[in-house]
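**Q** Here it is: the structure, laid out below.
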Amino acid sequence: MSIRDVFSKVFLKYIMQRLGQCVLVIFIGITITFFIPRLAPTNPVEIKINQMMNGPAKIYPEAIAAFREAMNDLYGLKGTIGEQYLSFWKRFFHGDLGPSIFAYPRPVSELIWRSMPWTIGLLLSTSLISWLIGNLLGGLAGYHSDKRWTKWVELAANCVRPIPYYIFAFILLVVFCFLIPIFPTTDAYARGLKEGWNLQFMLSVLYHTFLPALSLVLTGVGAWLLGMRALVSNIISEDYVQYAEVGGVNKKTILGQYIMRNALLPQITGLGMSLGSIFSGALITEFVFGIPGMGTLSYKAILNFDYSLIMGVSIFSIVGVSVSVLVVDLLYPIFDPRVRLN
Amino acid sequence: MRKAFAGLWKTSGYFRFGIVSLAFAIFMIIMSFFSPFKPMESFAVTPDLPPSFAHLFGTNSRGQDLFWQMTFALRNSLMFGVMTAVLSRIIAIWVGMYAGYKGGLFDKVAMAVNDSFVIMPVLPILLLLNFLLRDKMNWFYMALMMAVLGWAYDARLIRAQVLSLKERVFSDTAVFCGMPTRRIIFKEHMPYVMPIIFATTINNLLWSIGMEVTLSILGLTNINKASIGVVIFWANQHQAMISGIWWWLAAPVGVTVFVFTGLYLLSVALNEYIDPRTRLRMKGGAV
């Protein structure tokens, strides 16, 4: 058996393990979302019927019975719990999340696909930017931990770190939309513009999403910076780093090749996890700044008591998170030669 | 204890800030018992007054004094956070310590479940739950839910620590002396795990309050019971920003920032203190 065979066998095992983990997460997550509404004392169909009965219209009992029947069918609430569970999975594999109620009869999946680009655009860019800035600053701060400026950077990061992102969104909103009104308060682009890949539209989007993006970047940078600083300050006392320093290796090489490259590994895993959370959106930020992404969609679903839409968003984010974690896990060997070898 | 406090107070700015903000939080909680108004009593004062000496944080469009409302809000939110933190600590400590110590099948199963919970997106599940249980939700159920969803990562940290403790000589000695497993775990290993438990408790507390605020802003909790999120919810409902009543948002936001930052810095300071290298430096020794 050649080395190559061993390598591929081990790697295959690694892939299978990760894949199994991913499937398990999806299974547990979807099972939880299946059982929550069924074990809950409130029935979404009855709530919807009650809502309709509150209106001025007179509705006959037969009509309500038919409606209840139709809704039960729509929500997959027909039959025994076992049958429901099976048909739930069947629908899941067909990508059928049912029609939305408040935007009837448009399917939930269509609504999700339409909001997805906004959320991905906003969160993917801010996650990557804050990851890069945070790690770079954190690495420098950890390496030059005796310098004065690192104390200030650290202080700033520590003060920013515990503040939830939406609190930041509110602060920026108050400061830059009301006290110094230089940024727009709502909408993802100027009213009257048509969505499209042209310069005017893109610039408008950039201008409108600057504040929400800034609120996400600021909070993100703090967390990555502190993590990186802690990692670097541990690695710096390792023997091989000391040896390189005594040996007179270039400082830049030590920081870049010897320290940062090792410290980045856990940060890459962290990035994978944070990319996963993109799928549920930065709910409050989107809602506060009026960006039509997944967060706003969930909010609309809650307001309109759109049960299938809420279920759709939950299922979608569970799958999204597990798959993106899987992707990062599979890419991991590229960054870490040790994993590549065993 | 007193010496440690004095030492930390003298050397750590984080610690001083943390204690000041903790004192502020406790002050607010105590004040809530002397409030002249009921927590959500509306039109008790002139609406829309900016902050002044009579109304420290101003009043809102519902005719509520924001200072007194914030005393209740902070009390409820913090109580909820503590409740969640305690409940999830029970799960995390139990799973982490037993899985780490026992190993074998229990460890494998527990860690597979654990991994799933670590990456499980919590927010959509919470949205779904609160969406369906809105009317039946109370603080305890919500804390229980958050605890069930929020224990995983901390359990993993605890397990890692126990794994290394298990290899130490004193663990073997304890086993050979016939100490029962439960006693080894809680008497011998617990003291080493305490710092991790402490640090994760504060993080978990802040995380759960953050989740509560998120859910409340969306109107998914009991919006007639004061909490930090509920105050923001009503400010949004009345479009406080558009009518220029910025203090309605500034009050909850300011209090949150102050208390969150304070508690976090307190945990940072205490963590540094727990690290023996820092303590040595404080005593003026070489590192």
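**Q** Once both axes come from the Cα atoms, what is the angle between helix A:44-53 and the longest principal axis of chain A, in degrees from 0 to 90, rounded to 10?
**A** 50
**Q** Continuing with the same structure: As I understand it, the value is the acute angle between the Cα axis of helix A:108-143 and the longest principal axis of the Cα atoms of chain A; what does it come to in degrees, rounded to 10?
**A** That works out to roughly 20 degrees.
**Q** Whole angstrom only: what separates the Cα centroid of the range A:126-178 from the Cα centroid of the range A:23-77?
**A** Between the Cα centre of the range A:126-178 and that of the range A:23-77, the gap is 45 Å.
**Q** Give, in nm to one decimal, the length gained when the segment between A:ILE15 and A:GLU62 is fully stretched (0.36 nm per residue of separation minus the Cα-Cα distance).
**A** Full extension from A:ILE15 to A:GLU62 adds 11.4 nm.
**Q** Based on the alpha-carbon gyration tensor of the range B:43-160 and its eigenvalue square roots a ≥ b ≥ c, which shape applies: rounded if a/c is under 1.5, prolate if not and a/b is larger than b/c, or oblate?
**A** prolate
**Q** Just how far, in whole angstrom, is the range B:99-150 from the range A:188-253 if you go by their alpha carbon centroids?
**A** Going from one Cα centre to the other spans 31 Å.
**Q** If you plug each phi of the range A:144-151 into the Karplus form 6.51 cos²θ - 1.76 cosθ + 1.60 with θ = phi - 60°, what whole-Hz ³J(HN,Hα) values come out, in order, with x for Gly and Pro?
**A** 9, 5, 8, 7, 5, 4, 5, 4
**Q** Mind running the shape call on chain A? Use the C-alpha gyration tensor, a ≥ b ≥ c as the square roots of the eigenvalues: rounded below 1.5 for a/c, prolate if a/b tops b/c, oblate otherwise.
**A** oblate
**Q** Moving on. Between A:ILE129 and A:GLU245, with labels modelled 7 Å along Cα→Cβ, what's the label distance in nm to one decimal, could you check?
**A** Each label point lies 7 Å from its Cα, and together they span 3.5 nm.
**Q** Related question: Per-residue mean of other chain beta-carbon atoms within 10 angstrom of the beta-carbon, peptide A:165-173?
**A** For peptide A:165-173, the averaged partner shielding equals 5.
**Q** Quick check: the distance between the Cα centres of the range A:285-342 and the range B:30-51, to the nearest angstrom?
**A** 41
**Q** Shifting gears a bit: With respect to the cross-link table entries B:LYS10/B:LYS187; A:LYS90/A:LYS300; A:LYS13/B:LYS108; A:LYS48/B:LYS136; A:LYS151/B:LYS10; A:LYS9/B:LYS166, which display a Cα-Cα separation exceeding 24 Å?
**A** Pairs exceeding the cut-off: B:LYS10/B:LYS187; A:LYS90/A:LYS300; A:LYS9/B:LYS166.
**Q** Also, quick follow-up: To make sure I understand the rule: partners must be lysines, Cα under 19 Å from the Cα of A:LYS252, and not fewer than 8 residues away in the same chain. Which ones qualify?
**A** Once the sequence-local lysines are set aside, what remains near A:LYS252 is A:LYS147.
**Q** Which of the helices in chain B meet the span-like rule: DSSP H, Cα axial reach of 27 Å or more, Kyte-Doolittle mean at least 0.0?
**A** Helices meeting the span and hydropathy rule in chain B are B:13-32, B:66-102, B:190-217, B:246-274.
**Q** Follow-up question, since we're still on this one. Given springs between every Cα pair under 10 Å in a Gaussian network model of chain B, which of B:PHE186, B:PHE170, B:PHE53 has the largest fluctuation?
**A** Top of the fluctuation ranking is B:PHE53.
**Q** A further question follows. Neighbour counts of other C-beta atoms within 10 Å: give me A:ILE26, A:ILE129, A:ILE182 arranged from fewest to most.
**A** A:ILE182, A:ILE129, A:ILE26
**Q** Taking H placed 1.01 Å from N in the peptide plane, check which residues at least 5 places from B:THR59 or on another chain put their amide H under 5 Å from its amide H.
**A** B:ASP48, B:LEU49, B:LEU66
**Q** Using a Gaussian network model on chain A with a 10 Å cutoff between Cα atoms, which of A:GLU62, A:GLU245, A:GLU83 fluctuates the most?
**A** Top of the fluctuation ranking is A:GLU62.
**Q** Moving on. For chain A, what is the mean residue ellipticity at 222 nm derived from helices alone (per DSSP H run of n ≥ 4: -39500 (n - 2.57); sum divided by total residues; nearest 500 deg cm²/dmol)?
**A** That calculation yields -23500 deg cm²/dmol at 222 nm.
**Q** State whether chain B is rounded, prolate or oblate according to the following rule on the C-alpha gyration tensor (a ≥ b ≥ c being the square roots of its eigenvalues): a/c under 1.5 gives rounded; otherwise a/b larger than b/c gives prolate, and the remaining case gives oblate.
**A** Oblate, because a/c is 1.5 or more while a/b does not exceed b/c.
**Q** Additional query: In straight Cα distance, which aspartates and glutamates are under 18 Å from A:LYS251, not counting same-chain residues fewer than 8 positions off?
**A** A:ASP146, A:GLU238, A:ASP239
**Q** Here's something else I'd like to know. Does anything in the range B:123-152 have its amide N under 12 Å from the 7 Å Cα→Cβ label point of B:TRP94, and if so which residues?
**A** In the range B:123-152, the label zone of B:TRP94 (backbone N under 12 Å from the point 7 Å along Cα→Cβ) covers B:148.
**Q** Pairs of alpha-carbon atoms within less than 8 angstrom and 6+ residues apart define the contacts here; what relative contact order does the range A:23-179 have, in percent?
**A** 9
**Q** Across peptide A:26-38, how many C-beta atoms of other chains are within 10 Å of each residue C-beta, on average?
**A** Taking the mean over all residues of the peptide, I get 3.
**Q** Say R0 is 30 Å: what FRET efficiency, to the nearest 0.05, do B:ALA54 and B:ASN271 get from their beta-carbon distance?
**A** 0.10
**Q** What ³J(HN,Hα) values, in whole Hz, does the Karplus curve 6.51 cos²θ - 1.76 cosθ + 1.60 give for the range A:287-302 when θ = phi - 60°, with x put for Gly and Pro?
**A** Once θ is set to phi - 60°, the couplings for the range A:287-302 become 6, 5, 9, x, 9, x, x, 4, x, 5, 4, 4, 4, 4, 4, 5 Hz.
**Q** What angle, in degrees between 0 and 90 and rounded to the nearest 10, separates the Cα long axis of helix A:3-39 from the longest principal axis of the Cα atoms of chain A?
**A** 40
**Q** Here's another thing I want to ask about it. Fewest to most neighbouring Cβ within 10 Å: what's the order for B:ILE184, A:ILE291?
**A** The fewest-first ordering by Cβ neighbours comes to B:ILE184, A:ILE291.
The numbers here are math on the coordinates, done by the rules we state, and not lab data. No experiment lies behind these values; they were computed from the predicted model shown. Here the Cβ is made from the backbone with ideal geometry for all residues, glycine too, and neighbour counts use every protein chain on show.
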